[in-house]
Amino acid sequence: MVRDADNTRDALIVRSEEAEHVPLPHGGGFRLLADAGATGGALGANRLTLGAGADGARPHFHVLSSELFYVLCGTVEFFLDGELTSVGPGGLVVVPPRMPHAFGAAPGSTADLLAVLTPGIERFGYFRALGRIQHGLDSFDSLKAEQTRYDVHFLDAAAWQSARTG
């Protein structure tokens with residue numbers, strides 16, 4: 001840790017090799033960078049790598065937090081309040097609280113993105129659960145009881161799936 005000038009706060013430093021990796025079956029995975037507890041509740045951050053055309057998140061919204069996505073490489077399709085838009089490398093998307101959204105790597109494209117949720121919610125458990133679900137070790141229904149805890153409120157996926165398949 002590095003202290004600020006007043007010696008009252010620590011800077012958080014997470015090196016890539018120190019970040020927990022949650023693998024996903026399409027060859028991607030989560031790099032868990034900072035949970036809310038490590039930032040005094042200011043934010044949570046993860047890096048998500050997606051295989052070609054893989055879904056990143058089905059439709060949901062957050063009541064308490066805004067979510068920022070920065071596309072590092074590849075092309076990501078974002079479904080924002082019913083509208084599908086593609087964002088390439090260097091693109092930024094900020095989703096305000098309560099806006100329905102979903103995202104995934106564009107068909108034929110892999111993607112790598114940084115996601116930041118602010119204010120932070122303890123969500124590393126959520127990402128670990130998603131890894132188990134994607135590997136068939138748990139059911140998606142297991143997360144439904146945790147929607148309030150993780151501030152991830154799920155919506156019907158039919159419109160998202162329809163937009164993705166054209």
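The values are calculated or read from the model by the stated rules, or taken from the named source; none is laboratory data. Everything numeric in this text was worked out from a predicted model, so none of it was measured. Using ideal geometry, Cβ is built from the backbone for each residue, glycine included, and neighbour counts are taken over all protein chains shown. Calculation scope for accessible area: heavy atoms of the full protein, side chains included, ligands and nucleic acids excluded. Shrake-Rupley method; radii C 1.70, N 1.55, O 1.52, S 1.80 Å.
Here is how the numbers come out for the structure above:
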item	result
Residue match in the stretch 6-20 (condition: in a strand (DSSP E or B), among the hydrophobic types (A, V, I, L, M, F, W, C), open to solvent by less than 60 Å² (accessible area, probe 1.4 Å) and within 25 Å of residue 133 (Cα to Cα))	no
Residue 109, sole failed condition from (1) part of a loop (DSSP other than H, G, I, E, B); (2) open to solvent by 30 Å² or more (accessible area, probe 1.4 Å); (3) farther than 19 Å from residue 146 by Cβ; (4) out of contact with any Asp or Glu (no Cβ under 6 Å at 6 or more places or on another chain)	(2)
Any hit, the stretch 137-145, residues being under 20 Å from residue 98 (Cα atoms) and without any contact (Cβ under 8 Å) to a residue 12 or more places away in the chain	yes
Enumeration of residues in the stretch 140-150 that are open to solvent by 60 Å² or more (accessible area, probe 1.4 Å) and assigned to a loop (DSSP other than H, G, I, E, B)	145
Search result, residues across the stretch 80-124 that are over 22 Å from residue 44 (Cα atoms), in contact with a Gly (Cβ under 9 Å, 6 or more places away or on another chain) and not small (Gly, Ala, Ser)	107, 110
Cβ-Cβ under 6 Å pairs, at least 6 apart or on other chains, the stretch 51-69 side at pLDDT below 95, far side open to solvent by 10 Å² or more (accessible area, probe 1.4 Å) and not in a strand (DSSP E or B)	58/157
